[in-house]
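Reviewing the structure listed below.
The values are calculated or read from the model by the stated rules, or taken from the named source; none is laboratory data. As the structure is a prediction and not an experimental result, all values here were calculated from the model. Glycine also receives a Cβ, built like all others from the backbone with ideal geometry; neighbour counts cover every protein chain displayed. Just so you know, the surface numbers come from the protein's heavy atoms only, side chains and all, with ligands and any DNA or RNA stripped out. Shrake-Rupley method; radii C 1.70, N 1.55, O 1.52, S 1.80 Å.
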Amino acid sequence: MGRYNVKMGIIGGSGLDDPANQIMKSRSKVKREDAKNEFGLPTSDLYQGTISGVDVVLLSRHGVGHKIGPSEVNYRANMEALRVLGCTHVLASTACGSLVETIDRGQLVVPDSFLDRTVKRAGTFYDGTSKKYAGVCHLPMEPAFDPKTSQVLVRAAKELGLSIKNGGTVVTIEGPRFSSKAESNALRLWGGHLVNMTTCPEVFLAKEAGLLYAAVAMATDYDCWRDCDEKVHAADVIAIFKQNVSKVTDLLIKAIELVGEENWEQDIDDLKTLVATSNVSAKD
């Protein structure tokens, strides 16, 4: 037994609105009211259980039934709830539009960088409102996603025989509307491979909270840049994701198993040290 009890947080996105029912059969529920923290209420109840001997906590990003829009998700409360419950890692699923020809509908991608185009969201814990997150933290975002956890997702997919692309830049737009054609083409020119509405600020809040974060993205459409294709529509996004949801759930379950086989002490320590040394405010 190491110094840390590895515990996995799972954030289910569009099409995986009730991840507990799809991933864990035996579980206990923590009501969202009981998981309230200094940043407010998480977006759903949290379910605790085990998968392959690994402790797991699951929540739904948009609430069961997808009732919370991307700009209204309380990302800080979600991440803090996972941290308070003892999570060391977070795996997130996200439905995305493809911005390149080489990523087809249904393709799984493990992103390694992001472009943040959001404007309304609280993007840091270190805003002067929290005693836990006191000071000013200038946290490096390269690597944006935890490399070792991301590689676990890639390895899990390969062991399951699933097609997966390792690496890619996901652009997060504010939403809830989709991009115009001009915007979609601009995101392509900037080097975006995928576009979604939720990776930011989730990815950098996880890092601030000291959680090893990785994501599995599924391409559900080609946004609207492709002249020869139908334009993105919300109903089609959900339909494509649900047609392929078994791939995502199988991947998450296998990844949790593989996470449990690794030693994460150095990775957790390194992230904690990075966060501490990135806080430039004078210590008492």
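Here are a few things to note about the model shown:
- Selected residue (only one of Phe125, Phe178 is crowded, with 19+ Cβ neighbours inside 10 Å and at pLDDT below 95): Phe178
- Taken together, Ile240, Ile164 contain a single residue that is within 26 Å of Val6 (Cα to Cα) and either within 21 Å of the chain's Cα centre (by Cα) or buried (at least 24 other Cβ atoms within 10 Å of the Cβ) (or both), which is Ile164.
Yes or no, residue by residue, for (1) surrounded by fewer than 23 Cβ atoms within 10 Å (Cβ to Cβ); (2) farther than 23 Å from Ala239 by Cβ; (3) in contact with a helix residue (DSSP H, G or I) (Cβ under 6 Å, 6 or more places away or on another chain):
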| site | (1), (2), (3) |
| --- | --- |
| Phe39 | yes, yes, yes |
| Val54 | yes, yes, yes |
| Gly63 | yes, no, no |
| Gly69 | yes, no, no |
| Ala95 | no, no, yes |
| Ser113 | yes, yes, no |
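- Count - residues of segment 192-225 that are in contact (Cβ under 8 Å) with a residue 60 or more places away in the chain and more than 30 Å from Val259 (Cα to Cα): 4
- Some residue of segment 165-175 being modelled with pLDDT under 95, farther than 14 Å from Met197 by Cα and either touching a strand residue (DSSP E or B) at 6+ places or on another chain (Cβ under 6 Å) or among the basic types (Lys, Arg) (or both): no
- Residue check for Thr88: touching a Lys or Arg at 6+ places or on another chain (Cβ under 6 Å), polar (S, T, N, Q) and more than 30 Å from Arg188 (Cβ to Cβ): yes
- Test: residue in segment 72-93 that is under 16 Å from the mean Cα position of the chain (by Cα), open to solvent by less than 30 Å² (accessible area, probe 1.4 Å) and basic (Lys, Arg): no
- Given (1) in contact with a Pro (Cβ under 8 Å, 6 or more places away or on another chain); (2) at pLDDT below 95; (3) among the polar types (S, T, N, Q), index of the condition Thr118 fails: (2)
- Tally of residues being in contact (Cβ under 8 Å) with a residue 12 or more places away in the chain and either open to solvent by less than 20 Å² (accessible area, probe 1.4 Å) or among the charged types (D, E, K, R) (or both) across segment 249-270: 15
- Those residues of segment 119-133 which are closer than 11 Å to Ala209 by Cβ and of a type in the set (A, V, I, L, M, F, W, C), in sequence order: Phe125
- Among the residues making up segment 150-172, those that are in contact with a helix residue (DSSP H, G or I) (Cβ under 7 Å, 6 or more places away or on another chain) and either farther than 12 Å from Leu108 by Cβ or in a helix (DSSP H, G or I) (or both) are Val152, Leu153, Arg155, Ala156, Ala157, Glu159, Leu160, Val170, Val171, Thr172.
- Scan of segment 214-229 for residues that are part of a strand (DSSP E or B) and open to solvent by 10 Å² or more (accessible area, probe 1.4 Å), ordered by number: Asp221
- Candidates are the residues of segment 129-150 that are over 24 Å from Glu38 (Cβ atoms) and among the charged types (D, E, K, R); the one that is most open to solvent (accessible area, probe 1.4 Å) is Glu142.
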